[in-house]
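**Student:** Pasting a structure here, questions to come.
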Amino acid sequence: MKNDFFTYQAQTTPHPLAMEISHADGSYIYDTNQKAYLDFVAGVSACSLGHKHPRVVNAIKVQLDQYLHVMVYGEYIQKSAVELTKLLAAHLPNPLEKTYLTNSGTEAIEGAMKLAKRYTGRSELIAAKHAYHGNTQGAMSVMGFEERKSAFRPLLPDVRFIEFNKEADLEKITTKTAGVILETIQGGAGFIEPKNNYLANVKKRCEEVGALLILDEIQPGFGRTGTLFGFQNYNVVPDIVVMGKGMGGGMPVGAFTASAELMDSLHDHPKLGHITTFGGHPVIAAACLATLEEITESDLMAQTLEKEKLFRELLQHKYIEEIRGKGLMLSLIVKNSDIANQIILESQEEGLILFWLLFEPKAVRITPPLTISEEEIRKGCDIIMKVLRKMED
């Protein structure tokens, strides 16, 4: 299997971890040698309810027995998609009420950027330095990291960059700007939170010049920061909110939500302003609906803040300079990249899955399922501390 993996499946890095998976359940992933790995990554924030959550699996099975794909997105009424978008609207602040379902977070970013341009009639987009919004050419155009995109130029024109949390840069948002796209919490840059009412000040500036604020909630969304969406912690309501990853319970999905006035601008002049064949797929929508119901009907969101406290209490070591993030979107910032690499690789040997962040080499990702137990947190943190103590010797 490993030979076939390297021979036939395209790789994204020169040295994949290449763990051969047998099955996964709850907070654990098992390899083909039946070794159990406690999962502190959750598919890079995607498996909000852990692996093979019964409510999600049952919703998928029920939908499988009814119908799979029947028509290109937006033409037929399909119950799971309608119920999902209705429930999203019930849990989002006004005027965020209409949702476009897509195949991935990256496609949702593309749709949101098109919507901003279509509605305002402007072409300029403003993004943040060290931002990550996906890897298609449009999403890559608003990536604030030249090293990762220089090989693929030319990209979209009329993109400008500001520094996250730098108030003085807000003057760069002008009447030429269609939209400002920001991660609510910067992910790849190291889980950097907005400070000093920053996001509200960006929204105010956007309102002054007629630009739209797009917030990327693909990582913090769906309960990971103690609220359904991260922006609900920061005194701001975006014009367009983009989601993905954690909304699918482990299934591939994305979406963007805006007011009816904004969203309706995509369905005419021209017609088919954004189109996707498989967006809103009934099986995926059923999984998303089950995930959203479980998160909003339980106390999982409140638990994330208590679990964050436990992580911060247990992970104290001279090599850990700080713990960034909120809820169960956390990153250890250690003294150097060698220490980060050693923690991640040696923890895997000990049966704990950790991972890197894109642009911050000193960071160790901790984004476990929201369903992780206190006992499992203690077990995983014990492994991290064991690796750190071994590094001291």
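The values are calculated or read from the model by the stated rules, or taken from the named source; none is laboratory data. Since we're looking at a predicted model, the values are computed, not measured. As a convention, Cβ positions derive from the backbone with ideal geometry for all residues, glycine included, and neighbour counts pool all protein chains shown.
**Student:** If Glu75 satisfies every condition in (1) closer than 21 Å to Thr276 by Cβ; (2) crowded, with 18+ Cβ neighbours inside 10 Å; (3) out of contact with any strand residue (DSSP E or B) (no Cβ under 6 Å at 6 or more places or on another chain) but one, which is the exception?
**Tutor:** Glu75 satisfies all of (1) closer than 21 Å to Thr276 by Cβ; (2) crowded, with 18+ Cβ neighbours inside 10 Å; (3) out of contact with any strand residue (DSSP E or B) (no Cβ under 6 Å at 6 or more places or on another chain) except (2).
**Student:** Looking only at region 356-381, count every residue that is touching a residue at least 60 places away in the same chain (Cβ under 8 Å), surrounded by fewer than 17 Cβ atoms within 10 Å (Cβ to Cβ) and over 23 Å from the mean Cα position of the chain (by Cα) and tell me the total.
**Tutor:** 3
**Student:** May I ask you to list pairs of residues, at least six apart or on different chains, whose Cβ atoms are under 9 Å apart, with the first in region 296-307 being more than 11 Å from Gly226 (Cβ to Cβ) and the second being modelled with pLDDT of 95 or more and among the small types (Gly, Ala, Ser)?
**Tutor:** Hits for this filter: Thr296/Ala90; Thr296/Gly223.
**Student:** Sticking with this structure for a sec: So which of Glu322, Glu313, Glu294 ends up being loosely packed, with under 14 Cβ neighbours inside 10 Å and not in a strand (DSSP E or B)? Steps first, please.
**Tutor:** Details: Glu322 fails: not in a strand (DSSP E or B); Glu294 fails: loosely packed, with under 14 Cβ neighbours inside 10 Å.
It is Glu313.
**Student:** What about Leu115, is it touching a residue at least 12 places away in the same chain (Cβ under 8 Å), assigned to a loop (DSSP other than H, G, I, E, B) and over 21 Å from Met251 (Cα atoms)?
**Tutor:** On the way: touching a residue at least 12 places away in the same chain (Cβ under 8 Å): yes; assigned to a loop (DSSP other than H, G, I, E, B): no; over 21 Å from Met251 (Cα atoms): yes.
Here the answer is no, as Leu115 does not meet what is asked.
**Student:** Now for a separate question. How about region 156-220: which strands (runs of 3 or more DSSP E) wholly inside it have at least 2 residues that are within 23 Å of the chain's Cα centre (by Cα), within 29 Å of Gly248 (Cα to Cα) and assigned by TED's automatic domain parsing to the domain that holds Ala139? Lay out the reasoning, then the answer.
**Tutor:** Working: elements: 159-162, 177-183, 212-216.
By residue number, 177-183, 212-216.
**Student:** Can I ask one more? So is Lys98 within 21 Å of the chain's Cα centre (by Cα), over 27 Å from Thr304 (Cβ atoms) and surrounded by 12 or more Cβ atoms within 10 Å (Cβ to Cβ) or not?
**Tutor:** Yes: the conditions hold for Lys98.
**Student:** Let me ask something else about it. Hey, any hits in region 105-124 for a residue that's among the aromatic types (Phe, Trp, Tyr) and under 19 Å from Tyr73 (Cα atoms)?
**Tutor:** First pass over region 105-124, keeping only residues among the aromatic types (Phe, Trp, Tyr): 119.
Filter once more, keeping what is under 19 Å from Tyr73 (Cα atoms): none.
Checked region 105-124: no residue is among the aromatic types (Phe, Trp, Tyr) and under 19 Å from Tyr73 (Cα atoms).
**Student:** Assess whether Glu376 counts as being over 19 Å from Phe191 (Cα atoms), in contact with a helix residue (DSSP H, G or I) (Cβ under 7 Å, 6 or more places away or on another chain) and part of a helix (DSSP H, G or I). First the steps, then the outcome.
**Tutor:** Working: over 19 Å from Phe191 (Cα atoms): yes; in contact with a helix residue (DSSP H, G or I) (Cβ under 7 Å, 6 or more places away or on another chain): no; part of a helix (DSSP H, G or I): yes.
The answer is no for Glu376.
**Student:** Right, here's the next one. Report yes if Phe278 is part of a loop (DSSP other than H, G, I, E, B) and of a type outside the set (Val, Ile, Thr), otherwise no.
**Tutor:** Details: part of a loop (DSSP other than H, G, I, E, B): yes; of a type outside the set (Val, Ile, Thr): yes.
Judged against the criteria, Phe278 is a match.
**Student:** Report, by residue number, each residue of region 196-218 that is of a type in the set (Lys, Arg) and in contact with a helix residue (DSSP H, G or I) (Cβ under 9 Å, 6 or more places away or on another chain). Quick ask: steps written out before the conclusion?
**Tutor:** Initial filter on region 196-218 (of a type in the set (Lys, Arg)): 203-205.
Residues satisfying the conditions are Lys204, Arg205.
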